[in-house]
Structures are given as C-alpha cells and as structure tokens.
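One structure is given below, encoded as structure tokens.
Just so it is clear, none of the values below were taken in a lab; they were calculated from the coordinates. From a predicted model like this one, the values you see are computed outputs, not experimental measurements. Cβ atoms come from the backbone with ideal geometry, glycine included; neighbour counts cover every protein chain shown.
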Amino acid sequence: MQEGLVAIADTRITAGTNTTVKKKIYITQQDNTSLFIMTSGLRSIRDKAIHYFQELLDDGAVYDKLFKAANAFGEQIKRVADEDRDSLEKAGLKFNLNTIIGGQLKEDKEHKMFLLYPEGNWVELDESTPYVIIGNSGQGKAILNRVLNNTTPMRYALKAGFLSFDSTRVSSNDVEFPIDVVLYKKDSFSLIEYRYEKKELEHISELWAEKLKAALDDIPDDWMERAFDKAVTTQ
C-alpha cells in the first residue's frame with residue numbers, strides 16, 4: 001500500500017495434538033534498515049533459516065536494498081534444504097517454508113515486500129497485489145479481496161486484516177490468539193510491533209459477528225421468491 005505495510009501473524013504452532021505459542025515474525029532494525037520476515041511451514045526449517053540469516057548480520061553483512069536481503073534469506077532456505085530436505089521427506093514431512101519479507105532499506109526509494117517460495121526464489125509484490133497471505137488463508141481472503149487496494153490507509157488495512165484473521169480463526173483449529181502486528185510507515189525506517197491478546201479483541205470479534213448477521217438481515221428477500229415458488233409447485 002502507498003502509506004506503508006501492515007503485517008499480521010498468529011502465534012499458534014500445532015504438532016500432532018499439541019499446541020504451543022511461538023512468534024512467527026522476525027524483525028531487524030538499525031539505522032536506515034527496517035526489515036521483517038514472516039514464515040509459514042515447518043518450525044524447524046524456519047528457525048534454522050532465521051539463525052543462519054542472523055549469523056550473516058552478526059558477521060557484518062549489510063544490505064542496502066530489500067531485494068538483496070531477500071536474496072540472502074533465500075540462500076539460507078536453500079542451505080537448509082540441502083541439509084534437511086532428504087531426512088524430512090524420509091520422515092514423511094514436506095519442506096514447505098513460505099516467507100514474506102517486507103520493509104525498507106537505505107537505498108530503497110520506498111517500502112517493498114517479497115514472497116519467497118520453499119525453493120528460495122522470490123517474487124516482488126507490487127501495487128497490483130495489495131496483500132498476500134501465507135499459511136491458512138481460505139476463510140479470510142474474501143474480505144481482503146473486497147476492501148483492500150493500493151491506496152487503502154494503514155488503519156483500515158489493519159482493521160480488515162484482523163477481520164480476515166478472525167474469519168479464519170473461527171473456522172480453523174490451527175490459527176489462534178495471540179496475534180502479532182507489525183506496522184511500517186513509508187520512509188520512517190521504524191517498525192512498530194504490538195501483540196494483541198484475545199481479551200483485547202474478543203469484543204471486536206463479537207461485534208463483527210453481530211454486524212454480519214445484521215447485514216444479512218438487511219439483504220432483500222424478493223429475489224428468492226421465484227426459486228421458492230418453483231419448489232412449492234413441484235411438490
């Protein structure tokens with residue numbers, strides 16, 4: 001979006017019948033360097049790739065454009081694949097890490113966002129793609145498709161993003177509070193991070209459900225009469 005970036009991630013990790021809470025957004029922020037990495041897929045792949053990337057930064061690696069950081073993280077994904085793919089597949093697990101990298105680095109004229117695939121390659125998300133979802137997404141996409149575009153204000157995008165998350169949450173057992181939100185305003189070089197607990201937003205979830213029911217009640221019924229009249233005449 002023109003104003004900036006809004007990132008939302010749940011924190012539920014499911015392993016068999018066990019669930020835990022783990023952060024899914026990694027942030028690095030220095031002078032003229034604001035970068036976040038979001039992942040979906042096997043936690044072991046994610047943690048290893050993140051550690052390798054952090055090691056590059058600790059050893060002095062500097063990236064002045066976001067695509068260069070995306071390249072570097074993609075190389076770490078490939079490194080983990082070389083090390084772990086065979087053993088994972090032998091155990092019946094899929095190498096399935098999907099990644100979103102967003103932010104703005106020193107030589108970027110504006111904020112950017114990239115989608116990385118499990119193979120380590122990436123595509124840049126431009127103004128024709130106002131949002132992208134990795135992970136469980138089916139129930140929430142319809143909301144975003146209807147209301148988001150490149151000029152949507154960040155506040156409106158966060159509201160829509162939460163409602164999209166909530167629609168997925170009530171339909172799935174692998175998405176749940178708390179949720180982490182990261183905000184980045186164009187040219188600010190400052191990432192804002194906040195974690196929402198369930199108690200903070202459950203009243204919004206309830207209000208959303210009430211408004212959906214009210215909106216359905218407001219839809220006219222006359223267009224249904226011909227179908228129901230036909231049903232009566234065929235009995």
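What is the Cα convex hull volume of region 1-93 when expressed per residue in Å³? The partial results should precede the final answer.
On the way: hull volume 11.6 nm³, N = 93.
Given the Cα convex hull of region 1-93, per-residue volume reads 125 Å³.
Helix check for the chain. Which DSSP H runs span at least 24 Å along their own axis by Cα, with a mean Kyte-Doolittle hydropathy no less than -1.0?
On the way: long enough: 66-90 (35 Å, -0.83); 198-218 (30 Å, -0.78).
Qualifying helices, which must be both long enough and hydrophobic enough, are 66-90, 198-218.
Among Thr99, Thr17, Thr168, Thr11, which comes first, second and so on when ranked by fewest other beta-carbon atoms within 10 Å?
Numbers: Thr99 25, Thr17 5, Thr168 22, Thr11 17.
So the ranking, lowest neighbour count to highest, is Thr17, Thr11, Thr168, Thr99.
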Legend entry - region 163-209-region 58-118 distance, computed between alpha-carbon centres (Å): 24 Å
Inset, instruction - Treat every Asp and Glu Cβ in the chain as -1 and every Lys and Arg Cβ as +1, leave all other atoms uncharged, and give the resulting dipole magnitude about the Cα centre to the nearest 20 debye. - result: 240 debye
Inset, instruction - State the answer as a single residue: which of Gly102, Val181, Gly16 lies farthest towards the positive end of the charge dipole of region 4-233, with beta carbon charges of +1 for Lys and Arg and -1 for Asp and Glu, about the Cα centre. - result: Gly16
Legend entry - For region 14-62, the fraction of alpha-carbon pairs in successive 10 Å shells from zero, as %: 20, 48, 23, 8, 1
Legend entry - Relative intensity, log₁₀ I(q)/I(0), of the chain from a Debye sum that treats every alpha carbon as a point, q = 0.09, 0.13 Å⁻¹: -0.45, -0.84
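Need one number for region 51-167: average projected area of the convex hull over its C-alpha atoms, nm².
Details: hull surface 36.0 nm².
For region 51-167, the mean projected area of the Cα convex hull comes to 9.0 nm².
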Inset, instruction - Pick out which of Pro220, Pro118, Pro178 has the largest mean-square fluctuation in a Gaussian network model of the chain, springs linking Cα atoms closer than 10 Å. - result: Pro220
Inset, instruction - Report the Stokes-Einstein translational diffusion coefficient (µm² s⁻¹, integer) for region 140-235, Rh taken as the Kirkwood radius over Cα pairs, at 4 °C with viscosity 1.567 mPa s. - result: 79 µm²/s
